[in-house]
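What follows is a short report on a single structure.
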Amino acid sequence: LRRVAPYVVAVVAGAAALAVTFWVSPLLEADAPFLLFHAAVLFSAWRGGVGPGLLATGLAALAADYCFVPPVGRLLLHDDPLHALRLL
């Protein structure tokens, strides 16, 4: 349980960042959907180390790509490898 807890924190931090981003998206600039994901990644890495930080980074990239990068509702990572590199 002690080894799994930092990864659970990473997933919860990413989910919280996604929920708050949806909630405050009318107040944020259109160019800043990743702002709260940065905080989730930093928090996860601070609390758990490299592994949870990398997990939070990957989940944040997938969530941001699917929910905020046009076309919304579609993952572009498999279409364009350069897009995946820019996103990360």
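Bear in mind that the values in this text are calculations on the coordinates, not laboratory data. Bear in mind that the values here come from a model prediction, so they are computed numbers and not experimental data. Positions of Cβ are backbone-derived with ideal geometry, glycine not excepted, and every protein chain shown enters the neighbour counts.
Spin-label model, LEU35/CYS67: points 7 Å from Cα along the beta carbon direction are separated by 1.5 nm.
On full extension, the segment bounded by TYR7 and TRP23 gains 3.3 nm, given 0.36 nm per residue less the C-alpha separation.
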